[in-house]
Amino acid sequence: VELRVIAHVCGDERMIDTFRQHKDIHASMAAHVYHVEEKDVTATMRRNAKTVNFGILYGISAFGLAERLHIPQKEARELITEYFEGFPKISQYLLDTMEFARQNGYVETLLGRRRYIKDINSANAILRKAAERNAINAPIQGTAADMIKIAMVNLAREIKAQQLDCKMVLQVHDELVFEVRKSEIEQIKNTVRKIMSSALQLSVPLDVDINEGVSWFEAH
């Protein structure tokens, strides 16, 4: 969800097109940074690209990426450079977001919910770097959190309106867990997919995967 949000807010055409075509965003990213065709992307390449994809949202450094992937810092730096060269609007978004935080002392989600970043202009480099990472991440992760809460409120209303004998029992990040009678499974699947995919109107589709089972473990 976070990658879909950042694709929307920064307007990067390559990311938006990948999501609209329902392609694997990590494989697509790997193909770009390693200069290969998507069909030639290996599991290791995809895993590394996935780490870069999410690491960028947390302001990861070449050192941090090297530690996480167990690769030399030079290679990690090259991966980050390739990423930003291929997706310049993401790089600009990160710079603009940090500058906004420095000027205003806060950042906002798409719905206007604020997080104040008190150390963004700190003379202490450690505090300032941590604040910069928060400034980058908070609007994206915060918007994802707003989105799932909107979906939960709308689903609660729709379940009541349809008089379904169904309970929403758990939210875990971008997942929702329901207890449902077998006779209502197909109806609730359709309802959940419709409500969750329309929680926020973005420039990319919000795909919804639904599984079932006698336990969360089995459904997962």
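The values are calculated or read from the model by the stated rules, or taken from the named source; none is laboratory data. Here the structure is a predicted model, which is why all the values come from computation and not from measurement. Positions of Cβ are generated from backbone atoms using ideal geometry, with glycine treated the same way; all protein chains shown enter the neighbour counts. When the accessible area is computed, the model is the full protein with side chains, heavy atoms only, and any ligands, DNA or RNA have been set aside. Shrake-Rupley method; radii C 1.70, N 1.55, O 1.52, S 1.80 Å.
If you take the residues of segment 157-177 that are touching a strand residue (DSSP E or B) at 6+ places or on another chain (Cβ under 9 Å) and open to solvent by 50 Å² or more (accessible area, probe 1.4 Å), which of them is farthest from residue 3 (Cα to Cα)? Even if it seems obvious, please write down each step before you answer.
So the first thing to find is which residues in segment 157-177 are touching a strand residue (DSSP E or B) at 6+ places or on another chain (Cβ under 9 Å), and the list is 159, 164-171, 176-177.
Retained after the next criterion (residues that are open to solvent by 50 Å² or more (accessible area, probe 1.4 Å)): 165, 167-171.
Values: 165: 34, 167: 29, 168: 26, 169: 26, 170: 23, 171: 20 Å.
The qualifying residue farthest from residue 3 (Cα to Cα) is 165.
Tell me whether segment 184-197 contains one or more residues that are assigned to a loop (DSSP other than H, G, I, E, B) and either in contact (Cβ under 8 Å) with a residue 12 or more places away in the chain or within 16 Å of the chain's Cα centre (by Cα) (or both).
The initial filter retains those residues of segment 184-197 that are assigned to a loop (DSSP other than H, G, I, E, B), namely none.
No, segment 184-197 contains no residue that is assigned to a loop (DSSP other than H, G, I, E, B) and either in contact (Cβ under 8 Å) with a residue 12 or more places away in the chain or within 16 Å of the chain's Cα centre (by Cα) (or both).
Checking residue 184 against (1) under 30 Å from residue 107 (Cβ atoms); (2) among the charged types (D, E, K, R); (3) crowded, with 16+ Cβ neighbours inside 10 Å: exactly one of these is not met. Which one?
(1)
Mind listing whichever residues of segment 199-218 are small (Gly, Ala, Ser) and in contact (Cβ under 8 Å) with a residue 12 or more places away in the chain? Show your work before the answer.
At the first step, the residues of segment 199-218 found to be small (Gly, Ala, Ser) are 199, 203, 213, 215.
Residues satisfying the conditions are 199, 203.
Within segment 18-46, restricting attention to residues that are among the basic types (Lys, Arg) and out of contact with any helix residue (DSSP H, G or I) (no Cβ under 6 Å at 6 or more places or on another chain), which residue is least open to solvent (accessible area, probe 1.4 Å)? So that I can check it myself, show each step before the final result.
Residues of segment 18-46 among the basic types (Lys, Arg): 20, 23, 39, 46.
From the residues that got through so far, the ones that are out of contact with any helix residue (DSSP H, G or I) (no Cβ under 6 Å at 6 or more places or on another chain) too are 20, 23, 39.
Values: 20: 139, 23: 89, 39: 164 Å².
Only one residue fits best here, namely 23.
If I filter segment 4-17 down to residues being in a helix (DSSP H, G or I) and open to solvent by 10 Å² or more (accessible area, probe 1.4 Å), which single residue comes out as modelled with the lowest pLDDT?
Taking segment 4-17 and keeping what is in a helix (DSSP H, G or I), we get 4-10, 13-17.
When the remaining residues are screened for being open to solvent by 10 Å² or more (accessible area, probe 1.4 Å), the result is 4, 8-10, 13-14, 16-17.
Details: 4: 93, 8: 94, 9: 92, 10: 91, 13: 90, 14: 87, 16: 93, 17: 92.
Residue satisfying both the conditions and the ranking: 14.
Please go through segment 2-47 and pick out each residue that is touching a His at 6+ places or on another chain (Cβ under 8 Å) and not charged (D, E, K, R).
Matches in segment 2-47: 16 only.
For segment 60-172, give me every one of the strands (runs of 3 or more DSSP E) that falls completely inside it and has 1 or more residues that are within 16 Å of the chain's Cα centre (by Cα), within 30 Å of residue 187 (Cβ to Cβ) and free of Cβ contacts under 8 Å to residues at least 40 places away in the same chain. Break it down into steps so the answer makes sense when it comes.
On the way: elements: 106-108, 114-116, 166-172.
Per the criteria, 166-172.
Taking the criterion of being among the basic types (Lys, Arg) and modelled with pLDDT under 95, would at least one residue in segment 129-151 satisfy it? Working first, answer last.
Taking segment 129-151 and keeping what is among the basic types (Lys, Arg), we get 129, 133, 149.
If we keep only those that are modelled with pLDDT under 95 too, we end up with 129, 133.
Scanning segment 129-151 turns up at least one residue that is among the basic types (Lys, Arg) and modelled with pLDDT under 95.
For residue 195, all conditions in the list (1) open to solvent by 50 Å² or more (accessible area, probe 1.4 Å); (2) modelled with pLDDT of 95 or more hold save one; what is the number of the exception?
Just one mismatch for residue 195, condition (1).
Would you check if residue 72 is open to solvent by less than 30 Å² (accessible area, probe 1.4 Å) and not aliphatic (A, V, I, L, M)? Even if it seems obvious, please write down each step before you answer.
On the way: open to solvent by less than 30 Å² (accessible area, probe 1.4 Å): no; not aliphatic (A, V, I, L, M): yes.
Considered against the rule, which asks whether it is open to solvent by less than 30 Å² (accessible area, probe 1.4 Å) and not aliphatic (A, V, I, L, M), residue 72 comes out as no.
Could you list, in sequence order, all residues of segment 24-54 that are among the charged types (D, E, K, R) and in a helix (DSSP H, G or I)? Write out each step before concluding.
Pass one, segment 24-54, residues among the charged types (D, E, K, R): 24, 37-40, 46-47, 50.
Once the filter is applied, which keeps residues that are among the charged types (D, E, K, R) and in a helix (DSSP H, G or I), segment 24-54 yields 38, 39, 40, 46, 47, 50.
Considering only residues of segment 80-124 that are open to solvent by less than 50 Å² (accessible area, probe 1.4 Å) and out of contact with any helix residue (DSSP H, G or I) (no Cβ under 7 Å at 6 or more places or on another chain), which is nearest to residue 13 (Cα to Cα)?
112
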